Structures are given as C-alpha cells and as structure tokens.
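Undergrad: This is the structure I want to talk about, given as structure tokens.
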Amino acid sequence: MPDEKACIQHIQNSVDLLYRFEEFENTAFVKALSLGIQGKKREGRAAGTKDENIRKYLQSEAFDLFEVEIYPKDVHAPFPAVSSVETFLSEYRGGLWEMYWKLSEAGNVFVAPLCLKDLACPLYERASCIKKAIVDLNRKIKRYKDMKEQGTALHDLYIYETSDYNNHDEAEKAEAKIGYSY
C-alpha cells in the first residue's frame, strides 16, 4: 500500500505543476496578443481554464481522500522574450513539450506506485490535448520556414486562421464548453 505522505506530496507537486502551466499560458496569451496572432487569445484562456479545473479537481481529491488542504505554491513562469511570431511559436512549443512530458510523468506516478489511477486520467487527457497543439505548432513553424525559403505567399500561411471558419472559432467552441463565453 502506498504511503499516504507520498500520495499527498505527489498531489501537491501536480497542483504546483498545473499552476505553473496556468501562469505560462497566461503570459503566452498576452504575448500572442501583442504579436497579433489570430485566435491565440481564446486558445490561451481555454487552456488556462482546463489546467485550473484539473488543479482544482486534484485539490478536491486531496481533501476528500486525505482531508488535507492543498494550495498551489506561488510560481513565476514568464514567457520568454520574443519579438516575432515564428519565435513565439517555437518558444510556445518548447513550453508545451515540457508540460506534455511532465503531465505524463505525473500521471504515471499516480498509476504506479501510488495506485491512484483516477487522479491520473485528467493529466493524461490534458497531455493528449497538448500533444495535438504541438503537432499544430510544428505545422505552423514549418509553414513559416517554407514561406521564408520558397517565397510562399503570406496569405497562404494565414488561410486557415483568417477563413470563415478559423482557429478563433475552434477556440471559441472549446471555451463555451467550459463556461467561458466572452
């Protein structure tokens, strides 16, 4: 049987991890606004809300299972200084990769040795969403490189982002599902 202190400590570590990523998303979305990246505002707000909801779930479970109050430690996770969209996308992808691996690792610890599989599920689900975002960013970064190397028209790069149904619309639907309607 897993040690209760180890379970509580891992919940604390996971709460801190999610809180750190909330802060990363918050600073990233403000930077995206300043660079004029379409749809990133809503994507960032939706992602931050998902992380917050998972964090609060873990805090609730800590109390329900162990009757302990877990609070996130104050963290500072600023987005690196960037001055171009391409640099932003690369830095953002790096942050997502870090979170993808750390969420997966945290989920693995909940499964074994702690035997708290239920607590791992939302971490794995969030990691899966992050993986999809990484794939999307890889495509966008490649497109920027292609544009520079091969002279692709700029409007082709933004065809998805500025079409009738775009990134903003996808993020808006995701936000609506979690109660964020403005």
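Undergrad: Check off (1) surrounded by 14 or more Cβ atoms within 10 Å (Cβ to Cβ); (2) assigned to a loop (DSSP other than H, G, I, E, B) for M99 and give me the number that stays unchecked.
TA: (2)
Undergrad: Now for a different question. Step by step: first the residues of the range 124-165, then only those that are out of contact with any helix residue (DSSP H, G or I) (no Cβ under 8 Å at 6 or more places or on another chain), at pLDDT 70 or above and over 19 Å from I37 (Cα atoms), then the one that is surrounded by the fewest Cβ atoms within 10 Å (Cβ to Cβ). Which residue is that?
TA: E149
Undergrad: Now for a separate question. What are the residue pairs meeting all of these: first residue in the range 114-135, first residue over 13 Å from M99 (Cα atoms), second residue modelled with pLDDT of 90 or more and among the small types (G, A, S), Cβ atoms under 7 Å, and 6 or more apart or on different chains?
TA: Note: pairs meeting the criteria are L114/A6; A120/G107.
Undergrad: Filter the range 52-97 down to the residues that are of a type in the set (A, V, I, L, M, F, W, C) and under 30 Å from K142 (Cβ atoms) and list them by number. Walk me through how you get there before you give the answer.
TA: To start, the set of residues in the range 52-97 that are of a type in the set (A, V, I, L, M, F, W, C) comprises 54, 58, 62-63, 65-66, 68, 70, 75, 77, 79, 81-82, 85, 88-89, 96-97.
Residues satisfying the conditions are A77, F79, A81, V82, V85, F88, L89, L96, W97.
Undergrad: For A176, all conditions in the list (1) closer than 28 Å to E61 by Cα; (2) at pLDDT 90 or above; (3) among the hydrophobic types (A, V, I, L, M, F, W, C) hold save one; what is the number of the exception?
TA: Only one criterion in (1) closer than 28 Å to E61 by Cα; (2) at pLDDT 90 or above; (3) among the hydrophobic types (A, V, I, L, M, F, W, C) is unmet by A176, namely (2).
Residue-wise test of (1) surrounded by 14 or more Cβ atoms within 10 Å (Cβ to Cβ); (2) aliphatic (A, V, I, L, M); (3) part of a loop (DSSP other than H, G, I, E, B).
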| residue | (1), (2), (3) |
| --- | --- |
| K5 | no, no, no |
| D16 | yes, no, no |
| T27 | yes, no, no |
| K50 | yes, no, no |
| D64 | no, no, no |
| P72 | yes, no, yes |
| F79 | yes, no, yes |
| S83 | no, no, yes |
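The values are calculated or read from the model by the stated rules, or taken from the named source; none is laboratory data. All figures in this text were calculated on a predicted structure; none of them were measured in a lab. Every residue, glycine among them, receives a Cβ derived from its backbone with ideal geometry; neighbour counts consider all protein chains shown.
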